[in-house]
Amino acid sequence: MDAAEIISCQFCGRYVFPFPGWGTYLQPYRFMRAVWEPEHRFFCGSLHFQCLREFEHRQAFRQEFGEIALTWGGEFSVEVHGEVHRMQRAGMGFINKIFHGERCVIHRNAHSDTWLVLEHDGPWYDLDAAQLEAIAEGRPLRSGDWAYKTVVPAECDRMALHASLPELLDQAGVLDLYEEALRTGDVEYEVFDYYPPKRILEYSVENVLPIPQEAYDFLREYARTYEPIDFDKLEENEEYL
Ligand SMILES: [Zn+2]
């Protein structure tokens, strides 16, 4: 994959600016298959969540992603040049379902205090204990302050270091895909550095995550009552397994 492929949406082909809750990158090591295609090639790379929600095979995508996210993993088969091979893949371990709503499910991880909100239409959000605490207090669910790197499109080269986020997205021709994020996300955006030879932009972005309201409402109650994992107990028990 060259840079242009890495930063292009697997559905619409346009630039994906990595932005919590709105655009993401699916790692090749997940071994996700494009089960909606006859060849079942591996599916990885950047995607806009909005494009995923509009994708005609989003149910198949959701099913396959669920096989990875909501399990410990397992065996699967791939066909290469007419031969079927059995392979192993690791799951993410969000195996305990705690909520099933009209728009999403919520699963708890078996080995850490983390949760996954997975929309029936495909998009997903990882949450940690601090984020649940915010929800319990009725505060907005924010993404957390993470640093990111992206290769900006060539047309953004001269302005990437000093542009505001709306200016950057506009110049990249994808402002329409992030308009709602900018309007509702209470976005904090900071540029750290820009490396012109490779057009690498280093930045942080922090914003409100657009989880479904039903998930927020459920978690608001749940977050007050759940039992954190007792890691000492886990280890003790494992000695007797
Ligand atoms: Zn797209």
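Some values worked out for this structure:
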{"item": "Candidate set from region 13-23 (those that are in contact (Cβ under 8 Å) with a residue 24 or more places away in the chain and more than 13 Å from the chain's Cα centre (by Cα)); member that is farthest from the ligand (Cβ to nearest atom)", "result": "Y15"}
{"item": "Failed item in (1) more than 18 Å from the chain's Cα centre (by Cα); (2) within 16 Å of the ligand (Cβ to nearest atom), with E54 passing the rest", "result": "(1)"}
{"item": "Within region 24-45, tally of residues that are within 12 Å of the ligand (Cβ to nearest atom) and in contact (Cβ under 8 Å) with a residue 40 or more places away in the chain", "result": "1"}
{"item": "Subset of region 22-33 [within 18 Å of K149 (Cβ to Cβ), surrounded by fewer than 20 Cβ atoms within 10 Å (Cβ to Cβ) and of a type outside the set (S, T, Y)]", "result": "L26, Q27, P28"}
{"item": "Count of residues meeting criterion [within 16 Å of the ligand (Cβ to nearest atom) and either touching a Ser or Thr at 6+ places or on another chain (Cβ under 9 Å) or not in a loop (DSSP other than H, G, I, E, B) (or both)] in region 163-209", "result": "8"}
{"item": "Test for S112: is it under 27 Å from N207 (Cα atoms) and either within 16 Å of the ligand (Cβ to nearest atom) or in contact with a helix residue (DSSP H, G or I) (Cβ under 6 Å, 6 or more places away or on another chain) (or both)", "result": "no"}
{"item": "Conditions (1) under 20 Å from I6 (Cβ atoms); (2) at pLDDT 95 or above; (3) touching an Asp or Glu at 6+ places or on another chain (Cβ under 8 Å); number of the one not met by L168", "result": "(3)"}
{"item": "Subset tally (residues that are farther than 30 Å from V174 by Cα and assigned to a helix (DSSP H, G or I)) for region 43-90", "result": "1"}
{"item": "Hey, L241 of a type in the set (A, V, I, L, M), part of a loop (DSSP other than H, G, I, E, B) and either modelled with pLDDT under 95 or closer than 18 Å to V117 by Cα (or both) or not", "result": "yes"}
{"item": "Lone qualifier among L161, L177 - being surrounded by 12 or more Cβ atoms within 10 Å (Cβ to Cβ) and either polar (S, T, N, Q) or in contact with a His (Cβ under 7 Å, 6 or more places away or on another chain) (or both)", "result": "L177"}
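The values are calculated or read from the model by the stated rules, or taken from the named source; none is laboratory data. Quantities reported herein were computed from a predicted structural model and do not represent experimental measurements. A quick note on method: Cβ atoms are made from the backbone with ideal geometry, for glycine too, and the neighbour counts reach across all protein chains shown.
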